[in-house]
Amino acid sequence: MRAHVITYGCQMNEYDTLTIQSELVAGGHDLVATPQDAELILLNTCAVRGKPVEKVVSVLGDLRKERAAGRDLAIGLMGCLAQLEEGRAIATKFGVDLLIGPGAVTEIVPAIEDLERRRAASGRSGSRVDRLAFRDDLVDHLTPPPPAGTLTGYLTIMRGCDHHCTYCIVPQTRGPEVSRPLAAILAEAEAMRAQGVEEVVLLGQNVNSYGRDDPRVPSFAELLQAVAAVGFPRVKFTTSHPMNFTSDVIDAIASSPNVCDYVHLPVQSGSDRVLQRMAREYRRERYLEIVRELRAKVPDVVLSTDLIVGFPGETEEDFEQTLALYDEVGFEQAFMFAYSARPGTPAHARFDDLPRAVKTERLGRLIEKQKHWSLVGNRRFEGRTVRVLVKELGRDGAHVVGHSDQHHTVLVPADQVGRMGLHDVRVDHATPHALYGTVLGAHAPGLALPLAS
Ligand code: SF4
């Protein structure tokens, strides 16, 4: 079949799409660049909030119309939504042919064969093929490196999550934590490095739990050092959980020059009362302890976080504590969300939602706070030289865009850069959103590839 994969959501899904595509090619199927040319369209979905689900429903509506108009097309629903009752209902409503969960991505080819057998036996009305069981051997599966020319490689180190934050659907869609064997991770890392990848990002719902489920694999701190030894100029990781962010991880960051001084550590709220209702297992003071230790051992560290405002029951006083925590930490970067109730989560079942107006107003105040501290944090780099992974031409066509070791967005004049890759940049000016600078030179050898426009 000519297949096309549409990916929604997080980097874990991007990584799963690489696995799905490599399985399809190994199974004799062809990948096509556009859905119009496909005989099979696979939607690798996200279910973390309502919006990505709405997007998928809208695409399925369009495809149903095309099928009604006579287009011979098979449709597959994959990813987190496929694992949920909500996803199964949507699949039935739109006549989806394949339903494959995140724990069974390597079953895509046998599932297609099953579908073709059913169609041969009973025509287009053949029943849907479901693959929703979590495969234990998925963690051993080796995903080929990304295409040549890819500068940032995403490497999943574990699957699932054993935490049960009350607003989160992930434990139901991705199952319990399973750490991948060190050998599989290092094999993928070495293949990526050999392919020219300059920055590797280790992925997991909660990377700090790596190794806690299996005595045969090392700790996350040991894994970080093992991947750093592969020789990537830059090593990053996401997502961390304060519950398992231990001193050995901080020491590994401090002692490994190519592990970047950038940490994304979701706090979600500054109020202990709200953290308890979210079942986040840590409290404000413990979070601040981690920040203090990080700043003491990694003085140049840039901190990023996730924050949810308007969680059910959040009072004005609770929200004030979130604003106060923001001031105390001075996060340089943050992802902020107004709480959206997800069917199937404990919070959706247990708590009443706050009025949208309250959430929007609080989110507005938090965004102002973020702008203030991002500017303060970014100004820290004015006059300094930062290493930037230049990847593409900016929207204005006059600048190229890249990211620093500390994940700043950095813009430099396009006429100063002739290729993608690592460059030294002197920071001339900072805004809340980006650093603007002058290129001092390229890091050889790198990839002499033209800039993507
Ligand atoms: S740590 Fe909490 S928010 Fe993160 S994936 Fe697990 S349950 Fe969801």
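The values are calculated or read from the model by the stated rules, or taken from the named source; none is laboratory data. A quick note: this is a predicted structure, and the numbers were derived from the prediction, not measured. No Cβ is skipped: glycine too gets one built from the backbone with ideal geometry, and neighbour counts run over all protein chains shown. Surface accessibility is based on the protein's heavy atoms, side chains included, excluding ligands, DNA and RNA. Shrake-Rupley method; radii C 1.70, N 1.55, O 1.52, S 1.80 Å.
Within region 8-46, the set of residues being part of a loop (DSSP other than H, G, I, E, B) and in contact with a Lys or Arg (Cβ under 7 Å, 6 or more places away or on another chain) comprises Tyr8, Val32, Ala38, Glu39.
Does Arg49 satisfy the criteria of being at negative phi, modelled with pLDDT under 95 and open to solvent by 70 Å² or more (accessible area, probe 1.4 Å)? First the steps, then the outcome.
Values: at negative phi: yes; modelled with pLDDT under 95: yes; open to solvent by 70 Å² or more (accessible area, probe 1.4 Å): yes.
In short, yes.
Those residues that are free of Cβ contacts under 8 Å to residues at least 24 places away in the same chain and under 26 Å from the mean Cα position of the chain (by Cα), I need them from region 361-378; list them, please. If the condition is that a residue be free of Cβ contacts under 8 Å to residues at least 24 places away in the same chain and under 26 Å from the mean Cα position of the chain (by Cα), then Gly364, Glu368 are the ones that fit. Can you report the number of residues in region 329-360 which are surrounded by 15 or more Cβ atoms within 10 Å (Cβ to Cβ) and of a type in the set (Asp, Glu)? Selection size over region 329-360: 2.
Among helices (runs of 4 or more DSSP H) lying entirely in region 236-306, which contain 3 or more residues that are touching a helix residue (DSSP H, G or I) at 6+ places or on another chain (Cβ under 9 Å), small (Gly, Ala, Ser) and surrounded by fewer than 23 Cβ atoms within 10 Å (Cβ to Cβ)? So that I can check it myself, show each step before the final result.
Values: elements: 247-255, 272-278, 284-297.
Filter on region 236-306 gives 247-255.
Scanning region 376-394 for residues that are surrounded by 15 or more Cβ atoms within 10 Å (Cβ to Cβ) and part of a helix (DSSP H, G or I) yields a count of 3.
Within region 66-73, one or more residues are touching a residue at least 24 places away in the same chain (Cβ under 8 Å) and surrounded by 13 or more Cβ atoms within 10 Å (Cβ to Cβ).
Examine region 75-86 for a residue that is touching a residue at least 40 places away in the same chain (Cβ under 8 Å) and over 24 Å from Gln11 (Cβ atoms), and state whether such a residue exists. Yes, region 75-86 contains at least one residue that is touching a residue at least 40 places away in the same chain (Cβ under 8 Å) and over 24 Å from Gln11 (Cβ atoms).
Screening Asp97 against (1) within 17 Å of Leu24 (Cβ to Cβ); (2) free of Cβ contacts under 8 Å to residues at least 24 places away in the same chain leaves a single unmet condition, (2). Number of residues in region 241-295 that are within 16 Å of the ligand (Cβ to nearest atom) and not β-branched (Val, Ile, Thr): the value is 21.
When region 348-372 is examined, which residues are found to be modelled with pLDDT under 95 and of a type in the set (Gly, Ala, Ser)? Across region 348-372, the qualifying residue is only Ala349.
Out of Ala120, Ala111, which single residue is assigned by TED's automatic domain parsing to the domain that holds Gly9, more than 30 Å from His403 (Cα to Cα), open to solvent by 10 Å² or more (accessible area, probe 1.4 Å) and not polar (S, T, N, Q)? Walk me through it before giving the result.
Numbers: Ala111 fails: open to solvent by 10 Å² or more (accessible area, probe 1.4 Å).
Only one candidate qualifies: Ala120.
Quick one: count up the residues across region 414-432 that are modelled with pLDDT under 95 and open to solvent by 10 Å² or more (accessible area, probe 1.4 Å). Adding up the residues that qualify gives 7. Taking Arg216 as the residue in question, decide whether it is surrounded by fewer than 20 Cβ atoms within 10 Å (Cβ to Cβ), charged (D, E, K, R) and either within 20 Å of the chain's Cα centre (by Cα) or farther than 30 Å from Val390 by Cβ (or both). Taking the combined requirement at face value, the residue satisfies it. Restricting Val201, Val207 to residues that are at pLDDT 95 or above, open to solvent by less than 10 Å² (accessible area, probe 1.4 Å) and over 21 Å from Gly101 (Cβ atoms) narrows the list to Val207.
Scanning region 158-183 for residues that are open to solvent by less than 30 Å² (accessible area, probe 1.4 Å), within 9 Å of the ligand (Cβ to nearest atom), within 26 Å of Arg216 (Cβ to Cβ) and touching a residue at least 60 places away in the same chain (Cβ under 8 Å) returns His163, Val170, Arg174.
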